[in-house]
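Asker: One structure is given below, represented as structure tokens, and several questions about it will come after.
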Amino acid sequence: MFAMTRLRLPVALIVTSALAALLALVAFAPGAKANHSWNGYHWARTANPFTLQLGDNVSSQWDPILGTTSSDWSKSTVLDTRIVAGQAKSKNCRPTSGRVEVCNGAYGNNGWLGIAQIWVSGKHITQGTTKVNDTYFNTAKYNTTAWRNLVMCQEVGHTFGLDHQDENFNNPNLGTCMDYTNDPTTNQHPNQHDYDELAFIYSHLDGTTTVGSLSAASRMPPAASRGDLNSPDEWDQKMRESRNGNLELWVHGFGNGKWMFTFVIRA
Ligand SMILES: [Zn+2]
Ligand SMILES: [Zn+2]
């Protein structure tokens with residue numbers, strides 16, 4: 001018995017430390033309401049407020065929705081968003097260093113209503129994309145301003161480093177687009193808590209910047225932007241999902257502290 005314990009202990013220690021390292025890496029708090037920063041990820045910048053460009057690759061039907069999302073988030077005291085001409089040029093939504101590209105398209109019956117993808121280097125966000133899937137938004141269930149606002153607002157919110165405030169599909173709405181729900185009516189815009197959280201995330205300043213296309217700190221390995229990035233194969237590993245499975249977070253590592261995260265809202 002004693003010999004067996006001595007034999008097993010190192011194995012247990014190795015397993016425990018490996019698990020601890022893994023947990024440290026993926027330490028998220030999906031239930032946390034007071035703090036819905038996304039693991040501390042943020043855009044590096046040397047002053048506040050900073051302006052993040054949202055590349056407009058969306059159709060005219062989505063333009064007013066993107067406009068609402070942009071003006072909603074720009075009420076933050078620490079950041080402004082500015083809609084600029086898109087550089088993604090297609091629904092593939094190729095990322096652009098230092099900014100966020102926003103795209104729509106009929107991506108097919110692939111199960112997702114919208115995704116947000118963020119590339120990070122260390123703790124700093126270097127580029128982001130948001131895609132909304134017209135295959136579902138063109139159906140009666142989702143073809144409403146409320147659904148479009150909720151999904152656009154939430155996906156763009158993820159690109160600032162925000163997580164969800166709530167992931168329970170069926171409880172009362174919190175009045176924020178960062179709360180997933182079966183009835184988006186009162187969850188189409190950010191609420192004060194989102195602005196407070198942004199102020200908290202961006203309370204420090206950095207010595208460098210990842211905002212803007214010429215930023216050296218924004219460089220990601222070429223492999224990080226390869227493919228259309230629309231499928232779980234490319235999202236790589238699922239880190240977590242909400243209880244009903246409607247919200248997922250995936251991670252793809254590229255080495256040297258560089259990661260791509262994919263937030264998914266399932267249809
Ligand atoms: Zn920083
Ligand atoms: Zn989300």
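Asker: What are the DSSP H helices in the chain that stretch 27 Å or more along their long axis, judged by alpha-carbon atoms, and whose average Kyte-Doolittle hydropathy comes to at least 0.0?
Answerer: Span-like helices, by this rule, are 2-25.
Asker: If you count, for each residue, the other Cβ atoms within 10 Å and average over each peptide, how do 120-126, 152-158, 103-109, 234-240 line up from highest to lowest?
Answerer: Ranked by mean Cβ neighbours within 10 Å, highest first: 152-158, 120-126, 103-109, 234-240.
Asker: Students often check this: by mean Cβ neighbours within 10 Å, which of 138-145, 244-251, 127-134 ranks highest, and how do the rest follow?
Answerer: Going from most to least packed, we get 127-134, 244-251, 138-145.
Asker: Still on this structure: Could I have the simple spin-label model distance between Leu205 and Val84, label points 7 Å from Cα toward Cβ, reported in nm to one decimal?
Answerer: Here the answer is 2.2 nm between the modelled labels.
Asker: How large is log10 of I(q)/I(0) for segment 91-136 at q = 0.14, 0.34 Å⁻¹ when the intensity is taken from the Debye formula with one equal scatterer per alpha-carbon?
Answerer: After summing over all Cα pairs, the log10 values are -0.35, -1.17.
Asker: On to the next question. Debye sum, Cα scatterers, segment 157-225, no solvent: what log₁₀ I/I(0) at q = 0.28 1/Å?
Answerer: Rounded to two decimals, the profile gives -1.22.
Asker: So what's the back-of-envelope 222 nm ellipticity for the chain, counting only DSSP H runs of four-plus at -39500 (n - 2.57) apiece and dividing by all residues, rounded to 500?
Answerer: -7500 deg cm²/dmol
Asker: Moving on. How large is the charge dipole for the chain, taken about the Cα centre, if only the Cβ atoms of Lys, Arg (+1) and Asp, Glu (-1) carry charge, to the nearest 20 debye?
Answerer: Magnitude of the dipole: close to 700 debye.
Asker: Of Lys131/Lys258; Lys89/Lys258; Lys75/Lys141, which ones are farther than 27 Å apart at the Cα?
Answerer: Lys75/Lys141
Asker: Taking the Cβ of Ser90 as the center, what net charge do the other residues with Cβ under 12 Å away carry, scoring Lys and Arg +1 and Asp and Glu -1?
Answerer: Summing Lys/Arg as +1 and Asp/Glu as -1 gives +2.
Asker: Let me ask something else about it. Work out, in µm²/s and without decimals, the Stokes-Einstein translational diffusion coefficient of the chain at 4 °C, 1.567 mPa s, Rh from Kirkwood over C-alpha pairs.
Answerer: 68
Asker: Also: Under 17 Å from a point placed 7 Å out from the Cα of Ser231 along the Cα-to-Cβ direction: which residues of segment 101-126 have their backbone N that close?
Answerer: 106-113
Asker: So what is the diffusion coefficient of segment 205-267 in µm² per second by Stokes-Einstein at 37 °C and 0.692 mPa s, using a Kirkwood Rh over Cα pairs?
Answerer: Answer, rounded: 243 µm²/s.
Asker: Kirkwood Rh over Cα pairs of segment 76-160 into Stokes-Einstein at 10 °C, 1.306 mPa s: D in µm²/s?
Answerer: The diffusion coefficient I find is 117 µm²/s.
Asker: Could you work out Rg/(2.2 N^0.38 Å) for segment 108-267, with Rg from alpha carbons only?
Answerer: 1.06
Asker: How would Asp196, Asp179 line up by accessible area, probe 1.4 Å, largest first?
Answerer: Asp196, Asp179
Asker: Sticking with this one: Hey, with R₀ at 45 Å, roughly what FRET efficiency would Ala140 and Ala223 work out to, going by the Cβ-Cβ distance, to 0.05?
Answerer: For Ala140 and Ala223, the calculated efficiency is 0.65.
Asker: Considering Cα pairs under 8 angstrom that are at least six residues apart, work out the relative contact order of the chain and quote it in whole percent.
Answerer: 22
The values are calculated or read from the model by the stated rules, or taken from the named source; none is laboratory data. Computed from a predicted model, the values in this text were never measured in an experiment. Ideal geometry is used to build each Cβ from the backbone, glycine not excepted, and the neighbour counts take in all protein chains shown. Remember, those area values only see protein heavy atoms, side chains included, never the ligands or the DNA or RNA. Shrake-Rupley method; radii C 1.70, N 1.55, O 1.52, S 1.80 Å.
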